[in-house]
1. Pop a pseudo-label 7 angstrom from the Cα along the beta-carbon direction at both ARG266 and ALA80 and give the gap in nm to one decimal.
2. Extending each Cα 7 Å along its Cβ direction at ASP173 and GLN198, get the distance between those two points in nm, one decimal.
3. Length gain on complete extension for the stretch LEU478 to ASP127, per 0.36 nm per residue less the alpha carbon to alpha carbon distance?
4. List the cysteines of the chain that have no other Cys Cβ closer than 4.7 Å: which are they?
5. For THR467, which sequence-distant residues (separation of 5 or more, or a different chain) have an amide H within less than 5 Å of its own amide H, given hydrogens modelled in the peptide plane?
6. May I ask you to sort TYR476, TYR205 by Cβ crowding, counting other Cβ atoms within 10 Å and putting the fewest first?
7. Treat the count of other C-beta atoms within 10 Å as a stand-in for reagent exposure and order LYS493, LYS345, LYS273 from fewest to most.
8. Excluding same-chain residues fewer than 8 positions from LYS33, which aspartates and glutamates have a Cα within less than 17 Å of its Cα?
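Laboratory data are not the source of any read-out in this text; all were calculated from the coordinates shown. From a predicted model like this one, the values you see are computed outputs, not experimental measurements. Quick reminder, even Gly has a Cβ in these numbers, built from the backbone with ideal geometry, and neighbours come from all protein chains shown.
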Amino acid sequence: MPAVNESVPTTSDVRVAIIGAGLGGIAVAVNLKRTGTASFTLFERASGPGGVWWHNTYPGCEVDVPSHAYSYSFTSYDWAGTHASQPELQQYVEDVIDTYKLRSHIRFACGVQAVDWDGAAWHLTTDESEVLEFDVVVPCLGMLSDPRQLDLPGLQDFEGPVFHTSRYEHHHDLGDKRVSVIGTGSTACQLVPALAEQVGHLTLYQHEPGHILPKRSRPFTDEERRRFRKHPWRQRIARFQIFYTARKLREALKTGTPESLRIHQRCERFIAKTVEDPEVRSVVTPQYAFGCKRPIFASTFYPALNRDNVELVPHAATAVTPCGIVDAQGSERPADLIVFATGFKTTQYLRRLEVHGEDGASLQDVWAGEPSAFLGMTVPGFPNFFIVYGPNTNGGWSVITQLERQAELIARLARRLRRHPKKVIDTRPAAAQRFDTWVQRGIAKRLSSLQSGCANYYHTATGKNVTQWPHSHTAYLLTTRLGWRLGLYLRPKARRPRQPDETPALASVAAAP
Ligand SMILES: Cc1cc2nc3c(=O)[nH]c(=O)nc-3n(C[C@H](O)[C@H](O)[C@H](O)COP(=O)(O)OP(=O)(O)OC[C@H]3O[C@@H](n4cnc5c(N)ncnc54)[C@H](O)[C@@H]3O)c2cc1C
């Protein structure tokens, strides 16, 4: 990885608060550091960096997208294999932080509770009730960070341990235990094969099966690693090839296309080849179009269902007793421990951060249950507030590419603010509305499979898709490089002279080594 020069913040710097030190927050920090136009502090509620890769440590946890694509474009890395495991991704994050000398900017175990706009600046309140002032706030809270644990009747009376995959409890001795896993999404498909080897018996509750494609992950040979290290351009070519091949997957998200049918059949063949029991084969076969649920990439999940100590229950778990789980058919099975592999509250953007913009308006009230944002990043009436991984930005094959485009735009906007210290950047309501219409039309046209009759995590209670980016990544690149000018504009900030002792955030950064 390239070295980076340390820049010393000056009083003319724009003061930026980045909330969240996952891959999104770190991308923003690297871009601000490289352009040197802002002083910034990263606030992270956890005691370490990495976001999802810090929180998810369950057995088998790894990336779905090949590592050469699931990594930043601004740096090359010596990956051990095609798909990185959680420990390797955690190490990657640590290495990026050290390469770009970001550690001194990060405040770990320091959550942010609220941010309030006073007409000229943001006031940020931490979990410890510390209040700090910033010019710009960049929430990078992720989309898969708020665990969704089902509130099943009787759960509080269950006698054994219960936890969610993103808060995995490693200290339990599972040798002779009957473990129940609820959910069969991407996480469960990674967890089950690894867990089945550790437990006495594993019962898996499936509400609805997903489309699963083989992952084809493998370690790189020493020679391959040597070549990638010696010639970083080889990594860039590998990255390009991965994105180019992934185009087909996007085409398959439109119902009725030959590509959609072809992949559905490929999934069926994969089942026929790997699942031994005909009854199990039938219940793991999806009855809806490919792409309705997020596709899963897993080579070891179906073979795990052939094990003697694994039982697949093709029904949802509906209730818990002190020693077991009751399924939707009313059958109870014993359980000593329950793991919820039930995903995340994906549609409730920034739910855990109180945001008040112009005239004290609450962001959640403005959204009224249907989050939307211009470029997925800005909301009218919330000046200098740039969301990373916000509404309708999930896509682009590897989400990191989307996060990077957002981080680059934020660095560009920070530069503008530095040139115009008496102004703020706000969003034109009409442009935000037009953007939302364009996105929703794109979803209806290009992602029709997402509404083809399955349960997925893309829609709000009202049925609006608020998570997915329907267009190509190139289209997102163009909107963040050029299209932003249609919606973002500079306007004067309210007059309020800043006092010399009113710069705690800058002071904390300046004090860093
Ligand atoms: C198991 C798993 C596998 C995945 N695999 C892939 C994949 O293969 N390909 C892909 O493209 N995407 C994948 N994803 C999606 C993943 O969310 C993104 O790739 C990416 O890591 C998101 O980074 P982020 O920084 O936006 O969010 P996160 O990684 O979720 O980071 C958000 C951070 O904000 C912190 N935070 C939250 N609230 C506060 C607060 N109020 N104050 C301070 N800190 C706060 C959290 O502690 C967290 O560290 C996967 C997700 C999971 C969970």
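1. Distance between label points: 2.8 nm.
2. 1.5
3. Extending this stretch completely gives an extra 122.6 nm.
4. Cysteines of the chain left without a disulfide-compatible partner: CYS61, CYS110, CYS140, CYS189, CYS267, CYS323.
5. ASN392
6. Sorted ascending by nearby Cβ count, the order is TYR476, TYR205.
7. LYS273, LYS345, LYS493
8. Partners within reach: GLU6, ASP13, GLU94, ASP95, ASP98, ASP135, GLU404, GLU408.
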